[in-house]
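Taking it in order: structure first as structure tokens, then the write-up.
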Amino acid sequence: MSDARLDPPRSMPTYAVRAPLVRWLREQAEDAHGTLGRYRVLDVGCGAKPYEPLFSPHAVSYVGVDPVDNPRAELEGSVEALPVDDASFDVVLCNQVLEHCDDPARAVSELCRVTAPGGRVLASTHGVMAYHPSPTDYWRWTHAGLEKLFRENGEWASVKVTPASGTTACLGMLLSMYLDLMFRRVGLGIAARPLVAAINTVAGAIDGRSARLREPGPGTLFANFHVVAEVTR
């Protein structure tokens, strides 16, 4: 588990994705406990389970599934064919997975299938991001497209899609990524850190002063989106 995943520094080029994701997941973990009590968690595309510490204080079980052989995962399977029974988990996580899957519609249908009535899916995925095959990278969304994807592929009581951070933060992320790459290529990677931290700080301050930069609308750009999809009771 990487500490940077749970406490991303402002010098991280993808701070606009990582820092809001941690805050959101921590809030959702606590909110789910208030609504559901102790709950069962399925982490789809779990990797090293970096966010397990946010949920484990509230969970009776935390099960990871990955499409590849992974010693941290209890199960092996893709998001389009999850190897678990219907309605067997109360909270289903799917973080930064949908952009990599072969069939997003089938994936969302599966996320709904394995979630118990009254439970919720917590998903995050990119709006804007550099191409990053690991091993594949297929999709990017707008808030409207992501909401449509969920509403048309599950029996949901509600679907809420929110930007992770604002338009200026998204532009700052892209600038930071390529500054970091340029400095690394000349062997001065550490020198980029204060510049990236300054960019992230200024970008956050600008977005904080303008709702038009933080909320979806014509001309906006968002690095990441968070989805809370609640299953009908």
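The values are calculated or read from the model by the stated rules, or taken from the named source; none is laboratory data. Everything numeric here is computed off the predicted structure, so don't read it as measured data. Glycine also receives a Cβ, built like all others from the backbone with ideal geometry; neighbour counts cover every protein chain displayed. Areas reflect the complete protein model, heavy atoms only, side chains present, ligands, DNA and RNA absent. Shrake-Rupley method; radii C 1.70, N 1.55, O 1.52, S 1.80 Å.
Here are the numbers for the structure shown:
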{"item": "Long-range neighbours under 9 Å by Cβ, at least six apart or interchain, first residue touching a residue at least 40 places away in the same chain (Cβ under 8 Å) within the stretch 211-226, second open to solvent by 80 Å² or more (accessible area, probe 1.4 Å) and in a loop (DSSP other than H, G, I, E, B)", "result": "PRO216/THR142; PHE222/THR142; PHE225/THR142"}
{"item": "Selected residue [touching a strand residue (DSSP E or B) at 6+ places or on another chain (Cβ under 7 Å), under 30 Å from ALA116 (Cβ atoms), modelled with pLDDT of 95 or more and open to solvent by 40 Å² or more (accessible area, probe 1.4 Å)] from ARG151, ARG140, ARG233", "result": "ARG151"}
{"item": "Matching entry among ALA198, ALA169 (being touching a helix residue (DSSP H, G or I) at 6+ places or on another chain (Cβ under 7 Å) and surrounded by 14 or more Cβ atoms within 10 Å (Cβ to Cβ))", "result": "ALA169"}
{"item": "Test: residue in the stretch 40-48 that is part of a loop (DSSP other than H, G, I, E, B), open to solvent by less than 10 Å² (accessible area, probe 1.4 Å), on the phi > 0 side of the Ramachandran plot and touching a Lys or Arg at 6+ places or on another chain (Cβ under 7 Å)", "result": "no"}
{"item": "The listed residue being open to solvent by less than 50 Å² (accessible area, probe 1.4 Å) and among the hydroxyl-bearing types (Ser, Thr, Tyr), out of SER56, SER78", "result": "SER78"}
{"item": "Enumeration of residues in the stretch 180-195 that are surrounded by fewer than 12 Cβ atoms within 10 Å (Cβ to Cβ) and either without any contact (Cβ under 8 Å) to a residue 60 or more places away in the chain or under 16 Å from ALA164 (Cα atoms) (or both)", "result": "ARG185, VAL186, GLY187, LEU188, ILE190"}
{"item": "Count - residues of the stretch 97-115 that are of a type in the set (Gly, Ala, Ser) and open to solvent by less than 10 Å² (accessible area, probe 1.4 Å)", "result": "1"}
{"item": "LEU36 vs. criteria open to solvent by less than 60 Å² (accessible area, probe 1.4 Å) and at pLDDT below 95", "result": "no"}
{"item": "From ASP207, ASP180, ASP137, residue being touching a His at 6+ places or on another chain (Cβ under 7 Å) and of a type outside the set (A, V, I, L, M)", "result": "ASP137"}
{"item": "Counted residues, the stretch 1-34 - those being part of a helix (DSSP H, G or I), farther than 18 Å from PRO53 by Cβ and touching a Ser or Thr at 6+ places or on another chain (Cβ under 9 Å)", "result": "3"}
{"item": "Subset of the stretch 49-85 (residues that are touching a residue at least 12 places away in the same chain (Cβ under 8 Å), among the acidic types (Asp, Glu) and outside any strand (DSSP E or B))", "result": "GLU52, GLU80, ASP85"}
{"item": "All positions within the stretch 5-21 that are surrounded by 18 or more Cβ atoms within 10 Å (Cβ to Cβ) and not aromatic (Phe, Trp, Tyr)", "result": "PRO8, SER11, MET12, PRO13, THR14, ALA16, VAL17, ARG18, ALA19, PRO20, LEU21"}
{"item": "The lone exception for PHE225 - which of (1) over 28 Å from CYS94 (Cα atoms); (2) out of contact with any Asp or Glu (no Cβ under 7 Å at 6 or more places or on another chain) it fails", "result": "(1)"}
